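Before any comments, here is the structure.
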Amino acid sequence: MNDYLDKSESSLAEKVPYRIAPQYKVPHHMTTTAFALEGFRIIRTLGVVRGITVRSRSLFGTLGATLQTIVGGNITMFTKLCEKTRAEAFEIMLQHASELGANAVIGVRYDATEIMSGVSEVLCYGTAVIVQPLETFAQLETAKGAIDNPNPAPGDARQR
């Protein structure tokens, strides 16, 4: 299953329904369902970003899946379709975030709605943010403190 997902993700970048920001994309590891990214400080919030895709089942896929329901267990044809659809919506969301200039997306969520029989919409959304590694932020604060207070008091940690 992981091989399928890896192949699917690599091919999705070329097959998404529309291009928003093809020159740059937020990396997958810079997304989270949490509202903070560990090791980073949010320096700017850019707003809600979304990726929407609408899929329908093919006649052959529906017939194959119907046969799988007779046997029981995991209906792999629908599982693959759902995974591919969610991955596509996720990629579109990352493109949208890139268009806004984000380097991370927090609070990632999915929603799905059946528009009509056999046709589903999948929405992936989150908050686009610009983050900075905590180390870099601490270094900038230290440098700013040294500039703001060039003559520290005796015993000050910034004294050299």
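Just to check I understand the Karplus step: with θ = phi - 60° and J = 6.51 cos²θ - 1.76 cosθ + 1.60, what whole-Hz values come out for segment 113-129, glycine and proline as x?
Running phi through 6.51 cos²θ - 1.76 cosθ + 1.60 with θ = phi - 60° gives 9, 7, 6, 8, 4, x, 10, 10, 9, 10, 10, 10, 9, x, 10, 6, 9 Hz.
Ranked highest first by the average count of other Cβ atoms within 10 Å around their residues, in what order do 82-90, 45-53 fall?
Top to bottom by mean Cβ count within 10 Å: 82-90, 45-53.
Taking the Cβ-Cβ separation of GLN132 and TYR110 as r and a Förster radius of 35 Å, what is the calculated FRET efficiency to the nearest 0.05?
After rounding to 0.05, the efficiency reads 0.80.
Rule-based calculations on the coordinates, nothing more; no lab input. None of these values were measured; they are calculated from a predicted model. No Cβ is skipped: glycine too gets one built from the backbone with ideal geometry, and neighbour counts run over all protein chains shown.
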